[in-house]
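*Asks:* This is the structure, below, for whatever I ask next.
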Amino acid sequence: MSFLQAIFIAILQGATELFPVSSLGHAVIIPALLGWVISPQDPTFLPFIVMLHFGTMFALLIFFWKDWHALVRGVLGKDGNAIREQSIYILLLLIIATLPAIVIGAVLESFIRQLFSTPDMVSIFLILNGIMLFVTEKLRKNTIQASTISIAELTPKDALIIGCFQCLAFFPGLSRSGATMVGGVMRKLSYENSARFSFLLALPVIFAATIHQTWKIYSHQIPIENTGTIFIATIIGGITALISTAILMRYFRNHDNMALTPFSFYCIALGCISFLVFLF
């Protein structure tokens with residue numbers, strides 16, 4: 001891809017990674033709609049996307065540094081035994097929620113990505129992502145909207161279920177943040193707490209994926225000028241992700257009723273339009 005295409009995808013990824021609309025789905029669909037010859041099957045495509053995620057990881061670390069600082073202080077016993085126990089418990093929840101992605105990703109990620117990364121298939125999964133968000137809104141409104149819990153009140157079973165929801169993102173077009181927020185909401189977290197847990201959970205997952213994929217950037221002998229492009233794109237993607245995180249957290253803080261509905265309609269509309277374009 002050209003330098004301008006790489007920067008465009010970086011901005012696109014940073015803007016959509018944390019919104020429940022699938023950044024990977026957009027990275028596949030939008031270039032295809034624009035007629036760009038960028039193949040998701042290219043061995044350098046996924047490492048490039050993962051490096052953009054690395055920028056997102058730093059954005060999340062910056063935005064949630066107070067949460068991580070408090071968690072580390074708590075684990076080290078700086079704020080008393082009660083806070084220490086709670087901090088260790090929250091850290092345990094994050095570890096439990098991360099395990100499904102590590103296990104399932106190691107076994108099935110490559111197979112799933114190769115099988116379903118074509119633009120028309122991604123369009124279908126984007127539609128399914130919108131349906132998932134819409135159905136979650138309906139279920140929440142009818143069953144669990146009245147009572148919400150804090151992150152510290154989650155059980156290990158809750159964390160495992162949220163982690164399993166996160167694995168849906170191995171299908172391009174299904175959003176990682178969307179799936180984990182759906183899992184959190186279904187386990188009675190508020191939208192804000194569900195988004196916060198999702199974003200905290202993103203750090204270890206993105207870090208693990210980055211370590212796993214970084215070697216591919218060098219093993220495929222990417223030209224040095226492309227390495228520079230990747231570096232610049234990573235920084236721009238991270239800045240965009242930081243802005244997106246601030247906007248999204250503010251949005252969920254102020255919209256605890258039907259907050260996922262606009263995203264569900266958007267995904268269904270974009271998925272349908274894209275599928276028809278690719279079909280005809």
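The values are calculated or read from the model by the stated rules, or taken from the named source; none is laboratory data. Predicted model only: the values in this text are computed from it and were never measured. Glycine gets a Cβ as well: all are built from the backbone with ideal geometry, and neighbour counts include every protein chain shown. In case anyone asks, the SASA skips ligands and DNA or RNA and just uses the protein heavy atoms, side chains included. Shrake-Rupley method; radii C 1.70, N 1.55, O 1.52, S 1.80 Å.
*Asks:* Within the set of pairs 6 or more residues apart or between chains, which connect a residue that is farther than 12 Å from I49 by Cα and of a type outside the set (A, V, I, L, M, F, W, C) inside region 1-12 to a residue that is open to solvent by 40 Å² or more (accessible area, probe 1.4 Å) and part of a helix (DSSP H, G or I) with Cβ atoms less than 7 Å apart?
*Replies:* As it stands, the answer is none, since no pair meets every condition given.
*Asks:* In a helix (DSSP H, G or I), in contact with a His (Cβ under 9 Å, 6 or more places away or on another chain) and crowded, with 20+ Cβ neighbours inside 10 Å - does that describe any residue in region 112-121?
*Replies:* no
*Asks:* From A152, A159, A202, grab the single residue that is open to solvent by less than 20 Å² (accessible area, probe 1.4 Å), aliphatic (A, V, I, L, M) and either in contact with a strand residue (DSSP E or B) (Cβ under 8 Å, 6 or more places away or on another chain) or at pLDDT 90 or above (or both).
*Replies:* On inspection, the qualifying residue turns out to be A159.
*Asks:* Ok, one more. Is there a residue being over 22 Å from H53 (Cβ atoms), β-branched (V, I, T), more than 10 Å from the chain's Cα centre (by Cα) and open to solvent by 20 Å² or more (accessible area, probe 1.4 Å) anywhere in region 170-187?
*Replies:* Looking for residues that are over 22 Å from H53 (Cβ atoms), β-branched (V, I, T), more than 10 Å from the chain's Cα centre (by Cα) and open to solvent by 20 Å² or more (accessible area, probe 1.4 Å), one finds none in region 170-187, hence no.
*Asks:* Got a number for residues in region 45-98 being within 30 Å of I9 (Cβ to Cβ) and assigned to a helix (DSSP H, G or I)?
*Replies:* 25
*Asks:* Being polar (S, T, N, Q) and more than 10 Å from S123 (Cα to Cα) is the filter here; which residues of region 254-279 pass it?
*Replies:* Selection gives N254, N257, T261, S264.
*Asks:* One residue is enough: does region 132-142 have a residue meeting the conditions within 20 Å of T245 (Cα to Cα), out of contact with any Asp or Glu (no Cβ under 6 Å at 6 or more places or on another chain), buried (at least 22 other Cβ atoms within 10 Å of the Cβ) and at pLDDT 85 or above?
*Replies:* Checked region 132-142: at least one residue is within 20 Å of T245 (Cα to Cα), out of contact with any Asp or Glu (no Cβ under 6 Å at 6 or more places or on another chain), buried (at least 22 other Cβ atoms within 10 Å of the Cβ) and at pLDDT 85 or above.
*Asks:* May I pose another question? Test of understanding: among A97, A106, which residue is under 16 Å from F197 (Cα atoms) and either out of contact with any Pro (no Cβ under 7 Å at 6 or more places or on another chain) or among the aromatic types (F, W, Y) (or both)?
*Replies:* Unique residue meeting the criteria: A97.
*Asks:* Another question about this same structure. Identify the single condition in (1) open to solvent by 20 Å² or more (accessible area, probe 1.4 Å); (2) farther than 18 Å from M57 by Cβ; (3) modelled with pLDDT under 90 that A208 does not satisfy, given that it satisfies every other one.
*Replies:* Exception for A208: condition (2).
*Asks:* Which of the numbered conditions does V122 fail, given that it passes all the others? Conditions: (1) modelled with pLDDT of 90 or more; (2) farther than 28 Å from G35 by Cβ.
*Replies:* Every condition holds for V122 apart from (2).
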